[in-house]
């Protein structure tokens, strides 16, 4: 497997001296650390772990295309668009598997019906992780925020569960299923 120099890609799209970078790096580093720990616990091999590292470091690259003043992002699109934009960026970089992580890491997933109902500017398709690596990164991402003052703090399982409740019964069922899958069900 060819390794990906993810920092060169990050630096190509995000100025290391920018506010965006100051929020991006702590978030993706925290997600990556948790994802690698989960991957080790689940017995992933070295190639899978390397992919998890690379994809976790790049999963939010699409934020460069969105508008979020608090994150220093000055694009034209709503935040949810970072999924599709991240996919485009990583496909352009020749990383189709990494691109799927960027496209599918949306919390506890979205159905095409939810995308349509909420009028999200996303492709009309179900967005759920499919591979074990995608599941691990999506789960790890739930525990870390990009909010000021929260970048390095890992949320508790009960905090993540409360977020799932806010998104409705389907999201809560997905959360409960994933908590069992990742062996964290008794920790809430």
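Overview of values
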{"item": "Number of the exception - residue 54 against (1) assigned to a helix (DSSP H, G or I); (2) in contact (Cβ under 8 Å) with a residue 40 or more places away in the chain; (3) under 26 Å from residue 171 (Cα atoms)", "result": "(3)"}
{"item": "Count of the stretch 76-87 residues which are outside any helix (DSSP H, G or I) and touching a residue at least 12 places away in the same chain (Cβ under 8 Å)", "result": "2"}
{"item": "Lone qualifier among 90, 38, 95, 108 - being touching a residue at least 12 places away in the same chain (Cβ under 8 Å) and under 11 Å from the mean Cα position of the chain (by Cα)", "result": "108"}
{"item": "Failed criterion for residue 184 (all others in (1) in contact with a helix residue (DSSP H, G or I) (Cβ under 7 Å, 6 or more places away or on another chain); (2) more than 20 Å from residue 37 (Cα to Cα) hold)", "result": "(2)"}
{"item": "Subset tally (residues that are farther than 17 Å from residue 8 by Cα, in contact with a strand residue (DSSP E or B) (Cβ under 9 Å, 6 or more places away or on another chain) and touching a residue at least 40 places away in the same chain (Cβ under 8 Å)) for the stretch 57-75", "result": "1"}
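Each reported figure results from applying straightforward, stated rules to the coordinates on display, with no laboratory input. Not measured: the values here are computed from a predicted model. So basically every Cβ, Gly included, is an ideal-geometry build from the backbone, and we count neighbours across all protein chains shown.
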